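Peer 1: Pasting a structure below so you can have a look.
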Amino acid sequence: MSDDSQVDAQPHCCASWRHGEPTDTDISIQHNQPASSKRESANDLTDVRARISEAVRTVKATTPLAQSFTNFVTINLVANAQLAAGGTAAMSFLPDDVIDTASIAGADYINVGTLLPFYKDALPQIARAFHKAAHPWVLDPVAAGIGATRTEILRSFRAAPPTIVRGNASEIIALATMWGLRDDTVQSTDSTDSTNCATTRPAGVESVDDVDSATVAARQLARFLATSTPHKQAAVAVSGEIDLVTDGERTYRLPGGSAMMTKITGAGCSLGGVTATYLAVSKPLIAALSASLLFNRAGEIAEQQSNGTGTFQPHFLDALWNLTPEQVADSPIIVTQ
Ligand SMILES: Nc1ncnc2c1ncn2[C@@H]1O[C@H](COP(=O)(O)OP(=O)(O)O)[C@@H](O)[C@H]1O
Ligand SMILES: Cc1ncsc1CCOP(=O)(O)O
Ligand SMILES: [Mg+2]
């Protein structure tokens, strides 16, 4: 943990978090922060927890639709996870269908994990329509940095950007680099280089970087999104052993989950889909935090109850369904300045 961190060391799933004044226990570990700043962080966290609880409760009460244009491998898990969180799902690949359906969806989800030739035109067209309509959407840049077609599609989103980017560390680093947002890396002049960056290597669908190494890229990406998206609010979520969520100003680290989540396919994709479900009812930062916390808690429960990868997924879906708004909102959150 870095020196600028403040740990809110709530035990998992304790149902009695107080949403009132912060106490000394709430801000139990502090590092070199002035008292006024500590209190601001504690007040912010109390407010954030209340909003997370409200988002989780609102999804369960109102079953919002989040539409997905997602990969063929994990499409079923994405839909089932959205339903288990309390939302509804609709999957589509045709631009006219997606754009029409978006008018009745609270948010959309685009995942570039598997590609077909027509996506090169379809996805930029869809992103432009979302931008024009100020329709909120989540991007999962699966395998960012691999292949000219994927790079062309991801580059096109810079002009019509998502409200939230959710990916693993390598994907976040690759996207920030290919959008030219990283002043700490050297850009390649080679036009055949599909990432157009000298320091990022293709990662497949799995991450080869740890979450901490994507912190700067995530903040840069979030700041860019916040200035470029119609609502001027955005978030970036980086998944891994300890997830990171930032709006470019505030950064939160979310410990927990299970390493077993990397042993089934679609934990990241379904996290993106559920992030869109929460984005249908809440602001980007809260949507990203809510989904990541829900997944961490569900992963822990599924690990305890399952007996291998085959049974992990059904236990995981059961836990997504059964976790309460309080259990999600009371989860451990590390505030980083
Ligand atoms: N080592 C780990 N320990 C605990 N949770 C993890 C670990 N790796 C990934 N997760 C969780 O699995 C989910 C998917 O994350 P990740 O595997 O990074 O996504 P992706 O499948 O896109 O690479 C997230 O909820 C994340 O918190
Ligand atoms: C295996 C695979 N291949 C193309 S997309 C995909 C699914 C990736 O899912 P996740 O990123 O959630 O692990
Ligand atoms: Mg992924």
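Peer 1: Suppose the filter is closer than 18 Å to Leu83 by Cβ and within 16 Å of ligand 3 (Cβ to nearest atom); does Ala276 pass it?
Peer 2: Working: closer than 18 Å to Leu83 by Cβ: yes; within 16 Å of ligand 3 (Cβ to nearest atom): yes.
Spelling it out, Ala276 is indeed closer than 18 Å to Leu83 by Cβ and within 16 Å of ligand 3 (Cβ to nearest atom).
Peer 1: If only one of Ala222, Ala218 is part of a helix (DSSP H, G or I), away from ligand 1 (no atom under 16 Å from the Cβ) and aliphatic (A, V, I, L, M), which one is it? Talk me through it step by step, then tell me what you get.
Peer 2: Numbers: Ala218 fails: away from ligand 1 (no atom under 16 Å from the Cβ).
After applying the criteria, what remains is Ala222.
Peer 1: All but one of (1) of a type in the set (Gly, Ala, Ser); (2) without any contact (Cβ under 8 Å) to a residue 60 or more places away in the chain; (3) outside any helix (DSSP H, G or I) hold for Ala237, so report the exception by its number.
Peer 2: Here Ala237 meets the rest and fails (2).
Peer 1: If a residue has to be within 16 Å of ligand 2 (Cβ to nearest atom), small (Gly, Ala, Ser) and touching a residue at least 40 places away in the same chain (Cβ under 8 Å) to count, how many in the range 289-317 make the cut?
Peer 2: So the answer is 4.
Peer 1: Continuing with this model, one more query. If I ask for residues that are assigned to a strand (DSSP E or B), over 17 Å from the mean Cα position of the chain (by Cα) and buried (at least 20 other Cβ atoms within 10 Å of the Cβ), which ones from the range 66-91 would you list? Lay out the reasoning, then the answer.
Peer 2: Of all residues in the range 66-91, those assigned to a strand (DSSP E or B) come to 66-69, 88-91.
From what is left, the residues that are over 17 Å from the mean Cα position of the chain (by Cα) are 88-91.
Matches in the range 66-91: Ala89 only.
Peer 1: Ala143 passes all but one of (1) more than 16 Å from ligand 1 (Cβ to nearest atom); (2) assigned to a loop (DSSP other than H, G, I, E, B); which number fails?
Peer 2: The single condition Ala143 does not satisfy is (1).
Peer 1: Moving on to the next point. Name every residue in the range 55-93 that is out of contact with any strand residue (DSSP E or B) (no Cβ under 7 Å at 6 or more places or on another chain), over 17 Å from Tyr119 (Cα atoms) and within 15 Å of ligand 3 (Cβ to nearest atom), in order of residue number.
Peer 2: Thr74, Leu77, Ala81
Peer 1: Now a separate question. Out of Ala127, Ala89, Ala102, report the one residue that is touching a residue at least 40 places away in the same chain (Cβ under 8 Å) and under 18 Å from Leu279 (Cα atoms).
Peer 2: Values: Ala127 fails: touching a residue at least 40 places away in the same chain (Cβ under 8 Å); Ala102 fails: touching a residue at least 40 places away in the same chain (Cβ under 8 Å).
The conditions single out Ala89.
Peer 1: Here is a follow-up. Anything in the range 94-124 that is more than 16 Å from ligand 3 (Cβ to nearest atom), small (Gly, Ala, Ser) and assigned to a loop (DSSP other than H, G, I, E, B)? List them, or say none. Full working, then the answer.
Peer 2: So the first thing to find is which residues in the range 94-124 are more than 16 Å from ligand 3 (Cβ to nearest atom), and the list is 94-108, 116-124.
Subset that is small (Gly, Ala, Ser): 102-103, 105-107, 122.
Of everything in the range 94-124, those that are more than 16 Å from ligand 3 (Cβ to nearest atom), small (Gly, Ala, Ser) and assigned to a loop (DSSP other than H, G, I, E, B) turn out to be Ser103, Ala105, Gly106.
Peer 1: Looking at Arg128, is it over 26 Å from Ser282 (Cα atoms) and either surrounded by fewer than 18 Cβ atoms within 10 Å (Cβ to Cβ) or at pLDDT below 95 (or both)?
Peer 2: Numbers: over 26 Å from Ser282 (Cα atoms): no; either surrounded by fewer than 18 Cβ atoms within 10 Å (Cβ to Cβ) or at pLDDT below 95 (or both): yes.
No.
Peer 1: With (1) surrounded by fewer than 24 Cβ atoms within 10 Å (Cβ to Cβ); (2) within 15 Å of ligand 2 (Cβ to nearest atom); (3) within 26 Å of Ala160 (Cα to Cα) as the list, and Pro230 as the residue in question, which single condition is left unmet?
Peer 2: So the condition that Pro230 fails would be (2).
The values are calculated or read from the model by the stated rules, or taken from the named source; none is laboratory data. These numbers come from a predicted model, not from an experiment. No Cβ is skipped: glycine too gets one built from the backbone with ideal geometry, and neighbour counts run over all protein chains shown.
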